[in-house]
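Chemist: Below you'll find the structure I mean.
The values are calculated or read from the model by the stated rules, or taken from the named source; none is laboratory data. Values in this document were obtained by computation on a predicted structure and should not be read as measured data. When we count neighbours, we look across all protein chains shown, and the Cβ atoms used for this are built from the backbone with ideal geometry, even at glycine.
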């Protein structure tokens, strides 16, 4: 798609506590066209999932980290969006709040979402409860305060970009099963499989952009 525009549960895991934290966009995943259900019934919509690594402390002063393969790593949070910059679209609202201004009509015609990877912002996390389970959600994004722009935390998680137009199977195979199954349901996945035959070539993923122009 060229990017022009929760955890599945079942176990005990450390949840991101409510609060506002420094976030760095490290993950952009093309979910393809997904069947969604809302107040107007079922729709087929092209979805992406954006992920941030978080820096900060909880109310008790504990760092926002989890142990991964014996190493302390920043906690992460994700949010899925419909690939649309319509004036009512959630992606446009969040990105406009992130950059501190709305998109011009010209910008909204073709914005490369991959520019987000490596960019910093403030992530407002809240919790909600559904069917007895508590989930952490991205409630809002705001620009990084001026005082922090020259003192951003160093990146920790490797950048992840997965594009169904050119799928990197090394990246795909590292996704958890629920995410893989969601992607496999998309027609874009089926098309990419037919094109590739028995498999995909591993593609390099070294995108780094500390201050993308968006």
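Chemist: Consider residue 188 carefully, then state whether it is touching a strand residue (DSSP E or B) at 6+ places or on another chain (Cβ under 6 Å) and more than 28 Å from residue 122 (Cβ to Cβ).
Modeler: Yes; evaluated as a whole, the condition is true for this residue.
Chemist: Right, next: Kindly provide the set of residues from the stretch 148-183 that are assigned to a helix (DSSP H, G or I), over 22 Å from residue 73 (Cα atoms) and in contact with a strand residue (DSSP E or B) (Cβ under 9 Å, 6 or more places away or on another chain), ordered by number.
Modeler: Scanning the stretch 148-183 gives 182, 183.
Chemist: Would you check if residue 91 is surrounded by 15 or more Cβ atoms within 10 Å (Cβ to Cβ) and part of a helix (DSSP H, G or I)?
Modeler: yes
Chemist: How many of the residues making up the stretch 30-62 are loosely packed, with under 13 Cβ neighbours inside 10 Å and assigned to a strand (DSSP E or B)?
Modeler: Counting residues in the stretch 30-62 that are loosely packed, with under 13 Cβ neighbours inside 10 Å and assigned to a strand (DSSP E or B) gives 7.
Chemist: Can you confirm whether residue 212 is closer than 19 Å to residue 81 by Cβ, more than 15 Å from the chain's Cα centre (by Cα), modelled with pLDDT under 90 and surrounded by 14 or more Cβ atoms within 10 Å (Cβ to Cβ)?
Modeler: yes
Chemist: Can you find a residue in the stretch 61-76 that is under 14 Å from the mean Cα position of the chain (by Cα) and on the phi < 0 side of the Ramachandran plot? First the steps, then the outcome.
Modeler: Pass one, the stretch 61-76, residues under 14 Å from the mean Cα position of the chain (by Cα): 75-76.
Now narrow it down to the ones that are on the phi < 0 side of the Ramachandran plot: 75-76.
There is at least one residue in the stretch 61-76 that is under 14 Å from the mean Cα position of the chain (by Cα) and on the phi < 0 side of the Ramachandran plot.
Chemist: Now for a separate question. Checking residue 129 against (1) surrounded by fewer than 14 Cβ atoms within 10 Å (Cβ to Cβ); (2) within 16 Å of the chain's Cα centre (by Cα); (3) over 18 Å from residue 47 (Cα atoms), only one condition comes out false. Which one?
Modeler: Checking residue 129 against (1) surrounded by fewer than 14 Cβ atoms within 10 Å (Cβ to Cβ); (2) within 16 Å of the chain's Cα centre (by Cα); (3) over 18 Å from residue 47 (Cα atoms), the one that fails is (2).
Chemist: For residues that are over 18 Å from residue 28 (Cβ atoms) and surrounded by 11 or more Cβ atoms within 10 Å (Cβ to Cβ), scanning just the stretch 182-199, find the one that is modelled with the lowest pLDDT.
Modeler: This residue is 196.
Chemist: Given the conditions (1) surrounded by 18 or more Cβ atoms within 10 Å (Cβ to Cβ); (2) modelled with pLDDT of 95 or more, which single one is not true for residue 3?
Modeler: Going through (1) surrounded by 18 or more Cβ atoms within 10 Å (Cβ to Cβ); (2) modelled with pLDDT of 95 or more one by one, residue 3 breaks only (2).
Chemist: Turning to a different aspect of this structure: Which numbered condition in (1) within 21 Å of residue 76 (Cβ to Cβ); (2) touching a helix residue (DSSP H, G or I) at 6+ places or on another chain (Cβ under 9 Å); (3) loosely packed, with under 13 Cβ neighbours inside 10 Å; (4) modelled with pLDDT under 95 is the only one that residue 205 fails?
Modeler: The failed condition is (3).
Chemist: Of all residues in the stretch 63-80, which are closer than 29 Å to residue 184 by Cα and crowded, with 21+ Cβ neighbours inside 10 Å?
Modeler: 74, 75, 77
Chemist: Give me the residue from the stretch 138-147 that is at pLDDT 95 or above and outside any loop (DSSP other than H, G, I, E, B) and, out of that set, farthest from the chain's Cα centre (by Cα).
Modeler: Selected residue: 142.
Chemist: Based on this model, can you work out whether residue 125 counts as over 22 Å from residue 55 (Cα atoms) and at pLDDT 95 or above?
Modeler: no
Chemist: Taking the condition of being over 13 Å from the mean Cα position of the chain (by Cα), crowded, with 16+ Cβ neighbours inside 10 Å and not in a strand (DSSP E or B), how many residues in the stretch 100-126 meet it?
Modeler: Of the residues in that region, 3 qualify.
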